[in-house]
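This report concerns only the one structure given below.
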Amino acid sequence: MAMEYLRRKKRLGDMLLQERVITEEQLNQGLEAKKGSDKKLGEILVELGFTDEEAITRALTRQLGLEYVEPSTLKIPDEILNLVDTSILRKHNMLPFEYAADNASIIRVAMVDPMDMDAMDDIAIITGLQVEACICTGREMETALDKFFGDAAARNAAEQYAKERGAFDDETEAIEDDDVNNSPIVMLVKTIIEQAARQRTSDIHIEALRNKVRVRYRIDGALYEKMSYDIQLLSGIVARLKIIGGMDISEKRKPQDGRISMMVDRREYDIRVSILPTVYGEKVVMRLALKNALTRNKLELGFSEDEMAKFDHILSNPHGIILVTGPTGSGKSTTLYTALSELNTEDVNIITVEDPVEANIDGLNQVNVNNKAGLTFAAALRSILRQDPDVIMIGEIRDEETAAIAVQASITGHLVVSTLHTNSSASTITRLEDMGINSYLIGDSVVGIIAQRLVRRLCPHCRKARASTPKENSILGIREDIPIKIYDPVGCSQCNDTGYYGRIGVYEILEVSPTLKRVITDGANADQIKDQAVKEGMLTLRMSATKFVLDGTTTITEMMRVSFES
């Protein structure tokens with residue numbers, strides 16, 4: 001009770017001042033903004049940009065002497081999850097997760113605001129137990145509530161929509177008006193997107209099967225089925241997505257594309273929506289991207305020290321072509337935008353031509369390709385060359401005309417960065433030759449090629465070590481008679497039982513040296529170019545991925561998946 005009394009006496013603003021999380025001036029601004037608002041001070045300080053959730057949570061942990069927990073990573077028994085109704089837990093942003101070790105009459109509860117005594121009293125009255133508060137961030141709490149109760153909430157919304165559907169003559173009547181934000185189908189679509197964002201999903205697939213709607217999330221490159229609904233819900237879900245994505249709600253026979261911006265846990269997501277008619281109905285794929293996710297610090301990309309030095313050296317070229325290659329979903333855009341962020345200074349004019357623009361970045365002049373209006377990559381590039389550019393970024397080199405203009409631009413003193421769909425850095429040279437570019441022009445213009453893939457990282461909490469087999473040693477290029485330690489995925493609550501958590505880039509960086517330039521100019525094939533690059537110290541994708549297997553970052557299966565051709 002003494003601790004509870006102390007907590008009632010302490011004020012959030014004073015504690016944040018003591019921990020130097022905010023200044024007195026910022027506190028006064030926050031308190032002024034709070035007048036007439038039903039939001040809590042912490043929320044307002046975050047919205048004003050003075051601090052973030054993590055900093056406030058750390059400060060409260062120290063000031064109140066509370067334990068920090070991540071409830072989404074815990075295995076919580078059903079009997080505890082069923083103690084309190086979900087609506088009350090969401091209202092108070094709290095989640096009971098275990099009984100105290102030495103006393104079953106005390107329930108330990110994760111809370112975003114451990115100073116909310118009304119919330120603690122509510123839980124104590126409902127459960128008939130004493131409450132011991134722990135602390136967690138708001139984002140972590142949303143993730144935990146989604147994990148343990150999200151499917152139920154989505155299913156309730158789906159059932160409610162199915163019941164109400166007959167009450168409307170027009171099936172879109174209930175979902176076309178933005179005032180009805182609490183209508184079941186609106187809530188269902190919102191829930192699907194929010195849960196996906198909190199689970200690190202890159203793509204949401206909503207698919208029409210014979211008698212059901214299947215929803216799958218792509219997490220760390222792999223698809224997982226998350227929920228399924230009655231096929232009758234499909235038309236409502238698709239109609240709602242067409243409305244918020246700016247598409248034609250009456251057109252059901254043609255493919256359509258749209259775009260949605262949505263805030264989830266105070267983070268803005270840019271969602272690209274693609275709708276495709278299939279045999280059983282329209283299939284929707286939504287690609288989720290955080291507004292600022294593509295502009296990362298280059299240290300986060302997974303480069304080794306040697307690769308970082310090569311990357312920096314290639315970027316320091318005043319002119320020439322830098323190409324990033326790899327299949328769809330291999331992280332090319334992230335590498336490209338990271339490179340542009342490095343070059344984005346006041347004294348440099350950067351112009352991009354993209355289809356579509358993937359991220360809006362201050363300081364860049366970004367052009368959206370519009371084929372219907374005649375603004376193709378090639379047409380845009382011709383205009384750009386009259387705009388006094390220093391750096392030109394081309395979203396993708398797709399044809400001979402675009403490739404020819406890119407080469408000419410690089411030779412006339414511009415730095416051109418672009419992407420190409422090839423399997424390795426050496427085969428990129430031969431692809432340009434196939435497009436009709438002379439080998440001597442390629443040798444003169446190309447200064448560096450980065451081939452890349454993404455491998456899934458093993459979950460550090462549950463990965464399991466074992467000795468390698470002779471066959472695995474052979475794959476890794478190691479003596480077969482000496483077993484080494486490698487790791488397998490297992491699966492735990494931290495990684496949602498997948499065995500993997502996050503991805504890391506695997507790179508093959510070809511820097512065009514004077515010798516390589518002569519080899520390319522002489523019309524060498526991909527194997528000859530690769531052999532020369534390896535002699536000069538280039539690590540192939542297989543070599544780079546092998547290093548991640550040996551240090552326990554990933555598995556042999558992942559390594560073989562991204563470097564099967566080597």
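The values are calculated or read from the model by the stated rules, or taken from the named source; none is laboratory data. The shown structure was predicted, so the numbers you read here are calculated from the model rather than taken from an experiment. All Cβ positions, glycine included, derive from the backbone under ideal geometry; neighbour counts span all protein chains shown. In case anyone asks, the SASA skips ligands and DNA or RNA and just uses the protein heavy atoms, side chains included. Shrake-Rupley method; radii C 1.70, N 1.55, O 1.52, S 1.80 Å.
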query = Which residues, counting only those in segment 77-96, are open to solvent by less than 70 Å² (accessible area, probe 1.4 Å), out of contact with any Phe, Trp or Tyr (no Cβ under 8 Å at 6 or more places or on another chain) and in a helix (DSSP H, G or I)?
reply = Ile88, His92
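Within the bounds of segment 295-306, is there any residue that is of a type in the set (Lys, Arg), assigned to a strand (DSSP E or B) and open to solvent by 50 Å² or more (accessible area, probe 1.4 Å)?
Scanning segment 295-306 turns up no residue that is of a type in the set (Lys, Arg), assigned to a strand (DSSP E or B) and open to solvent by 50 Å² or more (accessible area, probe 1.4 Å).
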query = Checking Lys35 against (1) open to solvent by 20 Å² or more (accessible area, probe 1.4 Å); (2) over 26 Å from Gln195 (Cβ atoms); (3) in contact with a helix residue (DSSP H, G or I) (Cβ under 6 Å, 6 or more places away or on another chain), which test does it fail?
reply = (3)
task = Using the structure shown, decide if Leu66 is modelled with pLDDT of 85 or more and either among the hydroxyl-bearing types (Ser, Thr, Tyr) or closer than 30 Å to Thr23 by Cβ (or both).
result = yes
key: Looking only at segment 341-352, and only at residues there that are of a type outside the set (D, E, K, R) and not in a helix (DSSP H, G or I), the one that is surrounded by the most Cβ atoms within 10 Å (Cβ to Cβ)   = Thr352
key: Selection from segment 203-245 of residues that are touching a Lys or Arg at 6+ places or on another chain (Cβ under 7 Å) and without any contact (Cβ under 8 Å) to a residue 24 or more places away in the chain   = Val215, Arg216, Tyr217, Leu223, Glu225, Ser228
key: Complete set of residues in segment 208-229 that are out of contact with any Leu (no Cβ under 9 Å at 6 or more places or on another chain) and either crowded, with 19+ Cβ neighbours inside 10 Å or not charged (D, E, K, R) (or both)   = Leu209, Asn211, Val215, Arg218, Ile219, Ala222, Leu223, Tyr224, Lys226, Met227
inquiry  = Being polar (S, T, N, Q) and in a strand (DSSP E or B) is the requirement here; does Ser410 meet it?
reply    = no
Residue in segment 416-456 that is least open to solvent (accessible area, probe 1.4 Å), counting only those that are farther than 19 Å from Ala406 by Cα and part of a loop (DSSP other than H, G, I, E, B) = Ser424
query = Any idea which residue in segment 309-325 is nearest to the chain's Cα centre (by Cα), counting only those that are open to solvent by 60 Å² or more (accessible area, probe 1.4 Å) and in contact (Cβ under 8 Å) with a residue 60 or more places away in the chain?
reply = His313
remark   = Requiring at least 1 residues that are closer than 30 Å to Gly236 by Cα, open to solvent by 40 Å² or more (accessible area, probe 1.4 Å) and modelled with pLDDT of 70 or more, the helices (runs of 4 or more DSSP H) wholly within segment 97-186 are 138-164
query = Among Asp522, Asp497, Asp527, which is open to solvent by 30 Å² or more (accessible area, probe 1.4 Å), under 18 Å from Gly221 (Cβ atoms) and out of contact with any strand residue (DSSP E or B) (no Cβ under 7 Å at 6 or more places or on another chain)?
reply = Asp497
ask   = Where in segment 457-542 are there helices (runs of 4 or more DSSP H), lying wholly inside it, with at least 3 residues that are within 35 Å of the chain's Cα centre (by Cα)?
value = 470-476, 526-535
query = Within the group Lys517, Lys535, Lys547, which residue is open to solvent by 30 Å² or more (accessible area, probe 1.4 Å), free of Cβ contacts under 8 Å to residues at least 60 places away in the same chain, out of contact with any Phe, Trp or Tyr (no Cβ under 9 Å at 6 or more places or on another chain) and not β-branched (Val, Ile, Thr)?
reply = Lys535
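Quick check: anything in segment 134-143 of a type in the set (Val, Ile, Thr) and more than 30 Å from Met227 (Cα to Cα)?
Yes: segment 134-143 contains one or more residues that are of a type in the set (Val, Ile, Thr) and more than 30 Å from Met227 (Cα to Cα).
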ask   = Of the residues Lys372, Lys298, which single one is touching a residue at least 24 places away in the same chain (Cβ under 8 Å) and not polar (S, T, N, Q)?
value = Lys298
ask   = Given the residues Thr328, Thr338, which is the only one that is open to solvent by less than 20 Å² (accessible area, probe 1.4 Å) and over 13 Å from the mean Cα position of the chain (by Cα)?
value = Thr338
ask   = Lys372 versus (1) assigned to a loop (DSSP other than H, G, I, E, B); (2) out of contact with any strand residue (DSSP E or B) (no Cβ under 9 Å at 6 or more places or on another chain): which is the lone unmet condition?
value = (1)
request  = Hand me the list of strands (runs of 3 or more DSSP E) wholly inside segment 197-247 holding 3 or more residues that are of a type in the set (Lys, Arg).
outcome  = 212-219
query = Across segment 44-64, which residue is least open to solvent (accessible area, probe 1.4 Å) among those that are of a type outside the set (A, V, I, L, M) and touching a residue at least 60 places away in the same chain (Cβ under 8 Å)?
reply = Thr57
request  = Write out, first by first residue and then by second, each pair whose Cβ atoms fall under 7 Å of each other, whose residues are 6+ apart or on separate chains, and whose first residue, in segment 463-485, is within 19 Å of Arg561 (Cα to Cα) while the second is among the acidic types (Asp, Glu) and in a loop (DSSP other than H, G, I, E, B).
outcome  = Asn473/Glu480; Ser474/Glu480
